[in-house]
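Written out below as structure tokens is the structure these notes cover.
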Amino acid sequence: EERQRELEQLNAEEREKTENIQDALAAARRSLDSEDYPRTRSRLQQALEIELADAQSENRLHAQALAMMARSYVEEDVESSRNRAEAISYANDALQKDDNVWEAHYSLGRVYDETERYDDAIDAYSAAARLRPDSARVLYELAQAQYRAGEYRAARSSYRGVVRVEPAYPNAYYNLGITNLQLSDREAALEAFRFAVEVRPEDHAAQYRIGTLLLQEGDLAGAEERFQTAIELDSRDARYHSRLATALYRQGKLSRAETEFERALDIEPGSGLHNYNAALVKSELGKQNEALTLIRRAIQINDREPEYHYTLGKIEEALGRPDAAMNAHMAAVQRDSGYTKALVELGRLLSDAGSHEQALQLLTNAYQREPGSFEVNNNLGNVHLRLESFDQAIDHLSTAVAIRPDEPQAQYNLAIAYIEAGRLDRAEATLGDVLKLRPDFWQAYHRLGEVYIAKSEDDAARAVLQRLLQENPNYRERERVEQILAGL
């Protein structure tokens, strides 16, 4: 009987001690949740000072206390080396007592993550996730570590786990979208970003991402709407204004695009890209002097971008300064010897200035790089035409027309090459194609009349030339046409 009473007394004391540990743990949890870390650790220390006769129970409860102690240090300041050292020590002590304490693995994961030991972090978070598969926080941190380690497929799986457990978990859907982009799964990325704004309508970054994907797909109106929404939620991000401007620009809404590019520039005046974009749209609006100031500023910020020098060249040409334009295009080529657009413009300007051989050399270089380019073949064909290399002119202009059959000027130049080469039937057919594309291409009527005369088809020549003067009485070569008609 005395032994029984001792056992009952012992059991009562054990139960009381166990309850005291559990109460201390619960109080510590509340303090941890409210970010009162000193009080958290004080209550955990109380729990650790209570010893139990049952070693297994003591290890289990003390392991929980030690794990929570470790977490208090990482939550307080994981960037502190002292806190990280304390967290590692407490977490390892916890795991020695009980390897199934998720919070110890989680705390180690946080420390390894902070110190960029991503493989170790993944192992630690994975252990925590096996013990707490319903914890969105644990799955999220695991996904973050996997993403940082470049394990994108694993990260996607973990992010999907987060949103299954807690759809509104902050940034989970957004990060899932970013991960899908890394995996080149644009459709899944778009779906994730749409879910992100569904669960969190104020997520302007997700709106921006949706807009960017729609812009890439060519849905310009949809992209415009998303960028506008992003700006309404956060008007201080220059990227949002710049992307909205791009969507507007591609829709031909140049005035509104100009406004948005300027807003991006107001936010980030030191951005070469924003200065370049504003210059580009102002140039297209005919505001060449304003464009000139902006593109020069872009070059001052970043002198290495060939595109900036190319755009300066286009603006200088529009201002009637071909020499300055050539210098700008030359600067573009110096920064990128394979920059075909600048080679073409430089070649064209040199040819216009009478330097046909130099132009031919540049354009031949461009052709070797981009033999399927309309601009290259068109300009190279024109240079051969001026050099009276008519067969080469026909070859390149035919290629240009095949690439862009709806370009009347290229068709006309090809017709001139056929005329000079004596291939009158081909010239007649090609001039007919020009007039189908553009019935007011008056020079084509004139040249077609001359082709008919060369073919001794005077009635056809008279009809086409009379039609030219009837439809355009102010034709600039009217006197010459009247002389031809008088001689028929």
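Cβ-Cβ below 8 Å, separation at least six or inter-chain, first residue in the range 162-174 and outside any loop (DSSP other than H, G, I, E, B), second of a type in the set (S, T, N, Q): which pairs?
V165/S135
I'm checking my understanding of the structure. Among residues of the range 109-125 that are in contact with a helix residue (DSSP H, G or I) (Cβ under 6 Å, 6 or more places away or on another chain) and of a type in the set (S, T, Y), which one is farthest from R160 (Cα to Cα)? Working first, answer last.
Going through the range 109-125, the residues in contact with a helix residue (DSSP H, G or I) (Cβ under 6 Å, 6 or more places away or on another chain) turn out to be 109-113, 118, 120-122, 124-125.
Keeping just the survivors that are of a type in the set (S, T, Y) gives 112, 118, 125.
On the way: Y112: 23, Y118: 20, Y125: 16 Å.
So the residue we want is Y112.
Taking S242, is it within 29 Å of R200 (Cβ to Cβ), free of Cβ contacts under 8 Å to residues at least 40 places away in the same chain and not in a helix (DSSP H, G or I)? Spell out the reasoning first.
Details: within 29 Å of R200 (Cβ to Cβ): yes; free of Cβ contacts under 8 Å to residues at least 40 places away in the same chain: yes; not in a helix (DSSP H, G or I): no.
No: the conditions fail for S242.
Out of the range 425-442, which residues are over 44 Å from the mean Cα position of the chain (by Cα) and buried (at least 17 other Cβ atoms within 10 Å of the Cβ)?
Matches in the range 425-442: R426, A427, E428, W442.
When you go through (1) hydroxyl-bearing (S, T, Y); (2) at pLDDT below 95; (3) within 30 Å of E116 (Cα to Cα) one by one for S57, which number turns out not to apply?
Evaluating S57 over (1) hydroxyl-bearing (S, T, Y); (2) at pLDDT below 95; (3) within 30 Å of E116 (Cα to Cα) leaves (3) as the failure.
Starting from residues that are aliphatic (A, V, I, L, M) and within 14 Å of the chain's Cα centre (by Cα), keep the ones in the range 213-237 and report whichever is farthest from Q182 (Cα to Cα). Spell out how you get there, then give the answer.
Here is the first cut: in the range 213-237, the ones aliphatic (A, V, I, L, M) are 213-215, 220-221, 223, 230-231, 233.
With the extra rule that they be within 14 Å of the chain's Cα centre (by Cα), the set shrinks to 213-215, 223.
Details: L213: 13, L214: 17, L215: 18, A223: 21 Å.
Result: A223.
Tell me, please, whether a residue that is without any contact (Cβ under 8 Å) to a residue 60 or more places away in the chain, of a type outside the set (G, A, S), closer than 17 Å to A143 by Cβ and assigned to a helix (DSSP H, G or I) can be found in the range 198-218. It would help to see each step written out before you state the result.
First, pick out the residues of the range 198-218 that are without any contact (Cβ under 8 Å) to a residue 60 or more places away in the chain: 198-218.
Restricting the remaining residues to those that are of a type outside the set (G, A, S) gives 198-204, 207-210, 212-217.
With the extra rule that they be closer than 17 Å to A143 by Cβ, the set shrinks to 199.
Add one more test, that the residue is assigned to a helix (DSSP H, G or I), and what stays is 199.
Looking through the range 198-218, at least one residue is without any contact (Cβ under 8 Å) to a residue 60 or more places away in the chain, of a type outside the set (G, A, S), closer than 17 Å to A143 by Cβ and assigned to a helix (DSSP H, G or I).
D425: part of a loop (DSSP other than H, G, I, E, B) and either of a type in the set (D, E) or closer than 23 Å to D406 by Cβ (or both), yes or no? Before the answer, list the steps.
Values: part of a loop (DSSP other than H, G, I, E, B): no; either of a type in the set (D, E) or closer than 23 Å to D406 by Cβ (or both): yes.
Against the criterion (part of a loop (DSSP other than H, G, I, E, B) and either of a type in the set (D, E) or closer than 23 Å to D406 by Cβ (or both)), D425 does not qualify.
If you scan the range 128-160, which residues turn out to be crowded, with 21+ Cβ neighbours inside 10 Å and either under 22 Å from Q96 (Cα atoms) or at pLDDT below 95 (or both)?
Across the range 128-160, the qualifying residues are A128, A129, V138.
Quick check on my filter: what residues within the range 245-292 are of a type in the set (D, E, K, R), farther than 20 Å from T212 by Cβ and touching a residue at least 24 places away in the same chain (Cβ under 8 Å)?
First, the residues of the range 245-292 that are of a type in the set (D, E, K, R): 250, 253, 256, 258, 260, 262-263, 266, 268, 282, 284, 287, 290.
After this cut, where a residue has to be farther than 20 Å from T212 by Cβ as well, the list is 258, 262, 266, 282, 284, 287, 290.
Listed by number, the residues that qualify are E258, K282, E284.
So, T364, is that one of a type in the set (S, T, Y) and surrounded by 24 or more Cβ atoms within 10 Å (Cβ to Cβ) or not?
Numbers: of a type in the set (S, T, Y): yes; surrounded by 24 or more Cβ atoms within 10 Å (Cβ to Cβ): no.
So T364 fails the test.
Being touching a helix residue (DSSP H, G or I) at 6+ places or on another chain (Cβ under 8 Å) and not in a helix (DSSP H, G or I) is the filter; apply it to the range 85-108 and report the residue that is surrounded by the most Cβ atoms within 10 Å (Cβ to Cβ).
Result: V101.
Identify all residues within the range 266-297 that are out of contact with any Lys or Arg (no Cβ under 6 Å at 6 or more places or on another chain), closer than 21 Å to R236 by Cα and outside any loop (DSSP other than H, G, I, E, B); write none if there are none.
Step one: list which residues in the range 266-297 are out of contact with any Lys or Arg (no Cβ under 6 Å at 6 or more places or on another chain), which gives 266-274, 276-289, 292-297.
Checking which are closer than 21 Å to R236 by Cα leaves us with 266-274, 276-278.
Within the range 266-297, D266, I267, G272, L273, H274, Y276, N277, A278 meet the criteria.
Tally time: how many residues in the range 458-488 are assigned to a loop (DSSP other than H, G, I, E, B) and crowded, with 16+ Cβ neighbours inside 10 Å?
Restricting attention to the range 458-488, the residues satisfying the condition of being assigned to a loop (DSSP other than H, G, I, E, B) are 472-477, 487-488.
If we keep only those that are crowded, with 16+ Cβ neighbours inside 10 Å as well, we get 475.
So the answer is 1.
Which of (1) assigned to a loop (DSSP other than H, G, I, E, B); (2) without any contact (Cβ under 8 Å) to a residue 12 or more places away in the chain; (3) not small (G, A, S) is the odd one out, the single condition R82 does not satisfy?
(1)
Hey, among T229, T311, T259, T293, which residue is within 30 Å of L362 (Cβ to Cβ), surrounded by fewer than 21 Cβ atoms within 10 Å (Cβ to Cβ) and among the β-branched types (V, I, T)? Break it down stepwise before answering.
Working: T229 fails: within 30 Å of L362 (Cβ to Cβ); T311 fails: surrounded by fewer than 21 Cβ atoms within 10 Å (Cβ to Cβ); T259 fails: within 30 Å of L362 (Cβ to Cβ).
Just one listed residue meets the conditions, T293.
The values are calculated or read from the model by the stated rules, or taken from the named source; none is laboratory data. Remember, it's a predicted structure, so these values are computed and weren't measured experimentally. Neighbour counts are summed over all protein chains in view; Cβ atoms, including those assigned to glycine, are modelled from backbone coordinates with ideal geometry.
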